[in-house]
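Quick notes on the structure that follows.
The values are calculated or read from the model by the stated rules, or taken from the named source; none is laboratory data. Nothing here was measured: the structure is a model prediction, and the numbers come from that model. No Cβ is skipped: glycine too gets one built from the backbone with ideal geometry, and neighbour counts run over all protein chains shown. Ligands, DNA and RNA are excluded from the accessible area calculation, which covers all protein heavy atoms including side chains. Shrake-Rupley method; radii C 1.70, N 1.55, O 1.52, S 1.80 Å.
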Amino acid sequence: MKKTLLILAISASAIAFGSTAHAQDSAATNSEIAKKYATLVYKDYQDAYQDALKLQSSIESFLAKPNEETLDAAKKAWLVSRNSYGQTEAFRFYEGPIDFADGNGNEGPEGRLNAWPMDEAYIDYVKGNEKAGIVNNDGVEITAETLTDKNQADDEAEVATGYHAIEFLLWGQDLSLDTPGTRPASDYADTPENKRRRDYLTVVTNILVEDLQFLVQSWTPGQDNYAKTFTQDEDALSKILTALATLSGFELASERMATALDSGDQEDEHSCFSDNTHNDFIYNQQGVANVFKDAGIYDALMKQDKELAQKLNAQINETSTILAALPNPIDREILSTPEGSEPRKQMELAVSSLIEQAQLFKDAGKALNVKVSINE
Amino acid sequence: MHLTRYALLTLSIVSFTASANYAWSAEKDTNLSLRVSDSDLSGGETTIHNTSREAFAKPLKNLPMTSLRDFTFGNKMFNTKWVTAPASVTSLDGLGPTFNRMSCAACHFKDGRGQPPRNVDSPMKSMLIRLSIPGMNKNGGPMPHPAYGGQLNDRGIQGVPAEGQAQITYTQIKGQYPDGTPYTLQKPNYVFTNLAYGKLGEDIMFSPRVAPAVYGLGLLDAIPEETILSLADPDDKDGDGISGRPNYVWDKINQKKSLGRYGWKANTPSIAQQDADAANGDIGLTSNLNPDENCPLAQKECMDAVKGDHPDISDKQLEKMTFYVSTLAVPARRDVNTPQVQAGAQLFERAKCSSCHTPQMRTGFHNIEALAYQEIQPFTDMLIHDMGEDLADNRPDFQANGREWRTAPLWGIGLIETVNKHTKLLHDGRARNIEEAILWHGGEAENSKEAFKAMNKEERQAMLAFLNSL
């Protein structure tokens, strides 16, 4: 038994010794990719932040003069801001600023920005319960602090803040397959009974903007911030690939797509109030593609394993093509169709393509000599 | 120490030569160790490295990607807030008529640990009270209260009264370490209010239970029964004052008595039954394992309110939920190699805490391949032990008497604060932190507690640092 161990130890050190030159190459690749990646992350968070500012001003205009037209403008601004945020989800899953606010384990803003699925009755009235939610509970003061504290305080479905909270406040429940939610602008008429709902919408939007601002600051180049740490992190490439594999294989394929297919529950649509779920998929995938190309992962991979680089590139393109072709809205065109239907098959293809994509990101990790784990 | 090293080396060789089909089950003596490992992999190859609020919510590290779909579907079931039947989504209705919470995740928040209410007037959010009267039901389990059933449902759907509520006040108990350091423990007292069906009666037996964390349960399921039984010493033949024994409980799936593994008194044999029983008792959901609504005969409003299709949970849904709970990973240990933690580990062994909180075990065959043949650090022997008068609930549960509790697994204990924002421990959450939990130990654990108390302050800190590293 001891002999076996000795042999193992010798062969292990031999491997380590022989790979020194290779390790230097890897370090250079890692550092180069980390820098390009940081630039991309900054740019994408900046986009999401700018679009959130536009959403904020649209909501201000809506509340100043609540009618169907101003509500519509606010909804359009939400859709734009949502899509630009969607691309940034490729920057999650490695304890970066979105998940961890600092090095001391304090939570980042992800749960405040994007918690889902949500029990909308936690926020405002729903069919069958006109008095539901924080909006109708005078006992809760509507401030950034209370809403932040109330977000998923004792129950994961009790979402009080973020994109989906704003989405629900603008659209209302999606009770019909024909249209998204049809909340009337009159819900926000400037009357005493609507005051709390108006305040809620303002406050929850402010929180969103502030959180995005924090992310921009964390990634602003040339400052003493997370971006600086990241560009010097020898595990940067490992983190980047882990994020891409996790978003593809777990979050998108399983959590957001397969579960919706399996449960047949409209609530399992990601953006169920606005019927924007198809774009959630498309822009998440776009985020993956952006990192793959713009951060130089494709180029690095081409040097190490040309075949794998091309295969992964083709797989990403294929996923994007399938997602773009999915009929929408997802609830009506796919989820409400019977098992085995053509649209369901299409969405299943997207799921398999994403899983294959995640597997190839793991393989890319091996080729580039870094550890890639999924959803750890 | 030599022993531990030896065991570890043996294990690492086995993992290198896994393809040679090394027969672990044949090596009985290596299926467990009472020595603390210095590996950070609490769950073997299933271990995830995560120290965030999601530390208890991740799938097994080695779960194949194709299984993630079942995991996320189960997760959805776990998080679903069930609604009153009939509702637009008929697959997810059937709440109540009486219940404690509307979803699994409401009590097992972020798959972690529940706690008692922070104030006397606040409702229970992640704990409940089991009820029974003297005697046994036909399966050898507790005899439910004729009017209130097996537990107090403190909520009801519209038109159905809640059974009642329980309020907790605490009596402060002052104590002192031999070195003069004072401490205060708080002992809970319970008052029942708003009882909808009259008094509970003089012979009521009740047991407050905080929702335990649900990660790592699949690995506990994969521990071979013979490994657990090899630790039992019901007559204390080795004379160490510790006499753990198995609880044999009614197995609804196999329709026979089986080894109990889950629940505060090891009163449930399998994850599937645990899920189905909690769904029925806590949320009011029927399933093929529990076809009857949770409505005692005396509660007419409850019976009259039953609507919708039955069972509320389909076999497929229960299967996915069970898969989810079975495949939640145990997070890796932290700071394993700091001198303080290593010193604490030695003190833990020396105080014989490891006699019940078994540091190392090896899982056996399991249908979920990722769980099989893993070197794990559960820190439980899965047996029930007399924990003394102070912790007694005086309510038997199958073969567990009113003083016996199952050894709680300690893996992940140091991350409860991160995930659940509290450090409350023990079956009723009375201990405000790990130190208090140790001080509440009595009965078979009396000597270990005294050993802890006799340590100097630095040693006690080291032991707590060790426990927090788990």
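For the range B:50-65, the condition of being closer than 23 Å to B:L220 by Cα and free of Cβ contacts under 8 Å to residues at least 24 places away in the same chain holds for at least one residue. Does the range A:158-166 contain at least one residue that is touching a Gly at 6+ places or on another chain (Cβ under 9 Å) and within 14 Å of chain B (Cβ to nearest Cβ)? Looking for residues that are touching a Gly at 6+ places or on another chain (Cβ under 9 Å) and within 14 Å of chain B (Cβ to nearest Cβ), one finds at least one in the range A:158-166, hence yes. Counting only helices (runs of 4 or more DSSP H) that sit completely within the range A:82-200, those holding 1 or more residues that are closer than 24 Å to A:N375 by Cβ and among the acidic types (D, E) correspond to A:110-114.
Suppose we keep only residues that are at the interface with another protein chain (Cβ under 7 Å from one of its Cβ atoms) and charged (D, E, K, R) within the range B:43-62. Which one would you say is most open to solvent (accessible area, probe 1.4 Å)? Taking the candidates together, the pick is B:K61.
Look at the range A:76-89 and say how many of its residues are charged (D, E, K, R) and open to solvent by less than 30 Å² (accessible area, probe 1.4 Å).
Residues meeting the conditions: 2.
How many of the residues in the range B:233-274 are farther than 17 Å from B:M387 by Cα, of a type in the set (F, W, Y) and within 16 Å of the chain's Cα centre (by Cα)? Number of matching residues: 1.
Taken over the range B:63-89, the residue count meeting the criterion of being assigned to a loop (DSSP other than H, G, I, E, B), of a type in the set (V, I, T) and more than 7 Å from chain A (Cβ to nearest Cβ) is 2.
Okay, residues lined up against (1) open to solvent by 40 Å² or more (accessible area, probe 1.4 Å); (2) closer than 27 Å to B:T46 by Cα:
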site: B:C353; (1), (2): no, yes
site: B:H357; (1), (2): no, yes
site: B:M361; (1), (2): no, yes
site: B:E369; (1), (2): yes, yes
site: B:F379; (1), (2): no, yes
site: B:D390; (1), (2): yes, no
site: B:E404; (1), (2): no, no
site: B:I413; (1), (2): no, yes
site: B:A431; (1), (2): no, no
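Exactly one residue among B:F99, B:F109 is under 21 Å from the mean Cα position of the chain (by Cα), within 17 Å of B:A211 (Cα to Cα) and within 11 Å of chain A (Cβ to nearest Cβ), and that residue is B:F109.
So that you can scan it fast, the table gives a plain yes or no per residue for (1) within 14 Å of chain A (Cβ to nearest Cβ); (2) surrounded by 22 or more Cβ atoms within 10 Å (Cβ to Cβ):
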{"position": "B:P117", "(1), (2)": "yes, no"}
{"position": "B:S132", "(1), (2)": "no, yes"}
{"position": "B:G140", "(1), (2)": "no, no"}
{"position": "B:P144", "(1), (2)": "no, no"}
{"position": "B:V191", "(1), (2)": "no, no"}
{"position": "B:D203", "(1), (2)": "no, no"}
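Taking the numbered list (1) within 19 Å of B:L128 (Cβ to Cβ); (2) open to solvent by 10 Å² or more (accessible area, probe 1.4 Å); (3) not in a helix (DSSP H, G or I) in turn, B:Q274 passes all entries but (3). Residues in the range A:139-156 that are within 19 Å of B:T418 (Cα to Cα) and touching a residue at least 40 places away in the same chain (Cβ under 8 Å): A:T148, A:N151, A:Q152, A:E156. Of all the residues in the range A:316-342, those that are in a helix (DSSP H, G or I) and either more than 20 Å from B:R69 (Cβ to Cβ) or open to solvent by 30 Å² or more (accessible area, probe 1.4 Å) (or both) number 10.
Residue-by-condition table, conditions (1) in a loop (DSSP other than H, G, I, E, B); (2) farther than 30 Å from B:E450 by Cα; (3) in contact with a Phe, Trp or Tyr (Cβ under 6 Å, 6 or more places away or on another chain):
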site: B:G135; (1), (2), (3): no, yes, no
site: B:G140; (1), (2), (3): yes, yes, yes
site: B:N153; (1), (2), (3): yes, yes, yes
site: B:V160; (1), (2), (3): yes, yes, no
site: B:K174; (1), (2), (3): no, no, no
